[in-house]
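Report on the following structure.
No value in this document is a laboratory result; all are computed from the given coordinates. Here the structure is a predicted model, which means the values were calculated and not measured. Virtual Cβ from ideal backbone geometry, glycine too; neighbours counted across all protein chains shown.
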Amino acid sequence: MKSEVLSVKEKIGYGMGDAASHIIFDNVMLYMMFFYTDIFGIPAGFVGTMFLVARALDAISDPCMGLLADRTRSRWGKFRPWVLFGALPFGIVCVLAYSTPDLSMNGKMIYAAITYTLLTLLYTIVNIPYCALGGVITNDPTQRISLQSWRFVLATAGGMLSTVLMMPLVNLIGGDNKPLGFQGGIAVLSVVAFMMLAFCFFTTKERVEAPPTTTSMRDDLRDIWQNDQWRIVGFLTIFNILAVCVRGGAMMYYVTWILGTPEVFVAFLTTYCVGNLIGSALAKPLTDWKCKVTIFWWTNALLAVISLAMFFVPMQASITMFVFIFVIGVLHQLVTPIQWVMMSDTVDYGEWCNGKRLTGISFAGTLFVLKLGLAFGGALIGWMLAYGGYDAAEKAQNSVTISIIIALFTIVPAICYLLSAIIAKRYYSLTTHNLKTVMEQLAQGKRRCQQQFTSQEVQN
């Protein structure tokens, strides 16, 4: 395929798709635990277990969705139709998940389990084809990093729009009626997300074509598992999502019970999101200057150090925590677009190794491990809060609960970032130099079946 420069309109259109996903995803990650425990009144231990089971079931559906998308044939392409036609039911179920029907406690738990599981499944139907779409819009590495940088700037803006505006919308729509406020707030945001997904559909084009799939699903799963670089990105994904999921889920508890000033939550979150915007914008110029793999592992190492340092900051040092959360916002969102480009690179690497371009199942597999990370992260928060004796009705939490909230916000993310840095430095070999070799040989129709780069070949 001849490479072409993507228009700004198409980059914005593609980015709008992830902005829509983050309007829902970030909202659920930040508010859903709090909504279930403090608004709907469900025990934290049950919510943690529900998150684990629902997300694990959803993760199992990811490879199925990827295989289905790879086999889709339509006049709109393989992946774009799923983005459009999954958008409306996705928005509707999101509103249902944030609803609080008058039921018994058992009824509430059943309702929450059903609606939350449906929400995660519909997210899969929309998001896996969307993520795979980025791998077929262009096969040019430079255009890919530009596309992903635009994507994550807009995704961050979408997440900021959702998380920062959610509580003002709750107060505006519901006033003292918080259940109504949460339902109305997410309804407004779901409409915005639907329009963004539609815009994504109409402004993007699938250019990288693969021959019709003739092998079995079992063969595709085997081939993707044999792609060693894909497996490594899977490990990086699970540790990075664990870091952001645990910290994000603990943030509202941290601001409320540790900083002791819940009224500054929106300002605290906004500070983090502004850092995210800057980090997304820095990804392209930094990777133009230095190999993206080097940028990736160094940034994760810095995140580990800063996250650990936060543990030692005095609880009353609110200003210091604002500085820390801003820097973490910059650094985390710097590595996110790089990680998704690395995912696209493993698709090219897999085609180079075995002659099969498995875009859909590759991204589905990555989202599978991402959701396993979400499942474990959400469950960990619920279980640890329950273990510490967290009680939303109390005016003050006990010392064990306080220690757990601090650890969830600082130490757990630090461990995850450190593991990501070590894995990327030691095992990921698709550096700028090596990827150039892969792309040149693919363009010439050459393959290097079952042969991977050795550590001696890695050049930064």
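For the reader, a short list of remarks on this structure follows.
- Whole-Hz Karplus values for the stretch 346-355 come out as 5, 5, 4, 4, x, 5, 5, 6, 10, x Hz, taken residue by residue from phi with 6.51 cos²θ - 1.76 cosθ + 1.60 and θ = phi - 60°; glycine and proline positions read x.
- Relative to the longest principal axis of the Cα atoms of the chain, the long axis of helix 359-387 makes an angle of roughly 20 degrees.
- Estimated FRET transfer efficiency when R0 is 35 angstrom, pair Val5-Asp228 (beta carbons, to 0.05): 0.60
- As a length-normalised measure over Cα pairs under 8 Å and 6 or more apart, the relative contact order of the stretch 312-398 settles at 12 percent.
- Taking all Cα pairs closer than 8 Å and separated by 6 or more residues, the relative contact order of the chain comes to 26 percent.
- The value given for the stretch 234-323 is a Kirkwood hydrodynamic radius of 14.8 Å, derived from the mean inverse Cα-Cα separation.
- The calculated FRET efficiency for the pair Ala56 and Val274, based on their C-beta separation and a Förster distance of 35 Å, comes to about 0.55.
- Rounded to the nearest 500, the 222 nm mean residue ellipticity of the chain from helices alone is -26500 deg cm²/dmol, with -39,500 (n - 2.57) taken per DSSP H run of at least 4 residues.
- Based on Cα atoms of the stretch 1-43, Rg over Rh with Rh as the Kirkwood radius reads 1.38.
- For the listed peptides 318-330, 30-42, a ranking on the average number of other beta carbons within 10 Å per residue, highest first, reads 30-42, 318-330.
- Reducing the stretch 1-50 and the stretch 340-405 to their Cα centroids gives an inter-centroid distance of 13 Å.
- Taking label points 7 Å from Cα along the Cα-to-Cβ direction, Val323 and Val305 give a separation of 1.6 nm.
- Distance between the 7 Å Cα→Cβ label points at Ala396 and Cys64: 5.1 nm.
- Of Lys78/Lys292; Lys78/Lys205; Lys11/Lys371; Lys290/Lys436, those spanning more than 20 Å from alpha-carbon to alpha-carbon: Lys78/Lys292; Lys11/Lys371
- Axis angle, to the nearest 10 degrees, between helix 265-289 and the longest C-alpha principal axis of the chain: 10 degrees.
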